[in-house]
Every structure is written in structure tokens, then in C-alpha cells.
Amino acid sequence: MPTVAELSTPYGNFMLGPRHGPGVCRVCLNPTDGWGCCYACAHGGRWLDAMVPISYSVAGEQLHHALACYKRAPQPVAREFALGLAAVLWRWLRTHERCVARTVGETSFQLVTTVPSGDRLRAGAHPLQAMVAELVEPVRDRFEPLLTRSSKAVELRCFSRERYVARRELDGRAVLLIDDTWTTGANAQSAAATLKAAGAGPVAAVVIGRHVNRGWRDNDERLRALPTPFDWERCALCARERPAQTARAG
């Protein structure tokens, strides 16, 4: 059986670690046209206490492909991608969950859950739930499916407090919310709003890929300036606290 390092290292060859800075949304790290917040974060719900993307997911490129295939490809192809993405989560959370917890004033998260599908017509559990509950060792013992999709018809990719229903009261517990992709953030922010309404304490989100388009304005130049290969020891949070001394990638 391959190790976590063996499964995740190939992803590090094409993952791009987001970094805080000028012209980057302070909420989701989306490149902006000089604004402190992107349009979606400025006009959507703001219920998360922190959000940290592991990598940018560039439209049409390798991580984007993996994030689509683990959900939609036939077996055993989907399983192969799920194992690789689970290894990415395992390796990143083992090092950086403490960075996320520290950002929201906690030492750790008492509960871990995933964002359900935002589509009420999609039957069955989201494959991310099985991935986190079964494969991601640093968090699987704390995983609990805290949310379910409501029966309400709400607009896709728009924030709504009615999108999800909490399964139980949360008594002030800190919750780590895991999602595979962040595009507008509507699903994660809707999930956080429901968790807070159920009595959660701090809610922070970790997403595998923050979706971006390379062709938008100067995104190609910005993405090329990010360090490669992917640095597993530096997340967007600890990189902000301890700026790297090394230069940009070639």
C-alpha cells in the first residue's frame, strides 16, 4: 500500500499554495483587481471565522481535473483520485490544522465535518464525506456528519441560511469544516451559518482547491510567481506569519 507521502507528492508538482498580500481577497485568497475583498466575499454571507485553501485549483488544469474526477469518474478511477486527494488532506492537516485553530483562538477543533452538496436533487452522501470519515487519519476520529441538505429550493452558488439543516445542537464546540472546492464560497458560508445557528463556537473552513481562472486579467502572471514545487511546510497562514526568504519559482 502506498504511503501518504507517496500518494500526495505527485500533487505537489502542480499544486499552487495561495498567499496573502496586496490584490488578494482577505477572505478566500482569490486574486482581485486591487480590492481587499473579491465580489463574492464582499456580497455573500460572512459566517466563517477563517477560511484556508490548500491550493489554487486552476480551471482546466490537473488539480481541477482531480477534484472533478473523484466525484464523477467511473470506478476504479474515482477511487484512485479520492486516495490521492485524501493523502493531500492528511499531509496538510497533520502539519497545518494547528495554524487554522490558532487563527480562531483555539488549540484544536473538537468536531470535523464536511460541506454537503449544495444541490438538493443530488442523491446520496457526498464522496468527500466518505473520504474524510474513512481515509484522513488526522481528523477521522473527530468527524461527524453535522449537516444535511434541506428540502428548500435555494439558488445555487448563492448564500442561504436555508440551504442546510443541522443534525444536532453543538454546545459551543469549535468546528473544522472541510470542502473540496471553493468557487463563490456560498456552500461553505451557508454551512457555517447553519452550524452557528446550532450553537457552534468558531467555525473555520479548509478547502482543497480555491477555483481560479488563469486567463482572468493578470492571474497567469500571479500564478507563475507562486513558489514551486508546492511547499508542504508552509500554508497561507504560517507563510503570512513567517514570510519566506526564498525567491519566486522559475
For GLY215, indicate whether it is part of a loop (DSSP other than H, G, I, E, B) and on the phi > 0 side of the Ramachandran plot. no
Could you count how many residues in region 178-188 are hydrophobic (A, V, I, L, M, F, W, C), in contact with an Asp or Glu (Cβ under 9 Å, 6 or more places away or on another chain) and buried (at least 23 other Cβ atoms within 10 Å of the Cβ)? 1
Would you check if PHE230 is in contact with a Ser or Thr (Cβ under 6 Å, 6 or more places away or on another chain) and assigned to a loop (DSSP other than H, G, I, E, B)? no
Filter region 16-65 for residues that are over 22 Å from ALA101 (Cα atoms), in contact with a helix residue (DSSP H, G or I) (Cβ under 8 Å, 6 or more places away or on another chain), in a loop (DSSP other than H, G, I, E, B) and not small (Gly, Ala, Ser) and give the result. TRP35
Scan region 1-15 residue by residue and report those that are part of a loop (DSSP other than H, G, I, E, B) and either surrounded by 14 or more Cβ atoms within 10 Å (Cβ to Cβ) or of a type in the set (Asp, Glu) (or both). PHE14, MET15
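Only one of ARG72, ARG91 is out of contact with any Asp or Glu (no Cβ under 9 Å at 6 or more places or on another chain), charged (D, E, K, R) and loosely packed, with under 15 Cβ neighbours inside 10 Å. Can you tell me which?
ARG72
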Which residues, counting only those in region 122-149, are under 23 Å from ALA197 (Cα atoms) and either at pLDDT 95 or above or not in a loop (DSSP other than H, G, I, E, B) (or both)? GLN129, ARG142, PHE143, GLU144, PRO145, LEU146, LEU147, THR148, ARG149
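Suppose we filter region 24-34 for residues that are over 18 Å from ALA204 (Cα atoms) and either touching a residue at least 40 places away in the same chain (Cβ under 8 Å) or surrounded by 14 or more Cβ atoms within 10 Å (Cβ to Cβ) (or both); how many remain?
Going through region 24-34, the residues over 18 Å from ALA204 (Cα atoms) turn out to be 24, 31-34.
So of that shortlist, the ones also either touching a residue at least 40 places away in the same chain (Cβ under 8 Å) or surrounded by 14 or more Cβ atoms within 10 Å (Cβ to Cβ) (or both) come out as 24, 31-33.
So the answer is 4.
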Given (1) in a helix (DSSP H, G or I); (2) surrounded by 22 or more Cβ atoms within 10 Å (Cβ to Cβ), identify the lone condition not met by ARG102. (2)
So is ALA193 under 25 Å from VAL58 (Cα atoms) and under 17 Å from the mean Cα position of the chain (by Cα) or not? no
Just to check your reading of the model, which residue among ALA191, ALA133 is touching a Pro at 6+ places or on another chain (Cβ under 9 Å), crowded, with 18+ Cβ neighbours inside 10 Å, closer than 27 Å to ALA40 by Cα and not β-branched (Val, Ile, Thr)? ALA191
Which condition number in (1) at positive phi; (2) in contact (Cβ under 8 Å) with a residue 40 or more places away in the chain is the one that LEU48 fails? (1)
Hits in region 35-49 - residues which are surrounded by fewer than 20 Cβ atoms within 10 Å (Cβ to Cβ) and of a type in the set (A, V, I, L, M, F, W, C): TRP35, CYS37, ALA42
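The values are calculated or read from the model by the stated rules, or taken from the named source; none is laboratory data. Nothing here was measured: the structure is a model prediction, and the numbers come from that model. With ideal geometry, Cβ positions are generated from the backbone for all residues, glycine too; neighbour counts draw on all protein chains shown.
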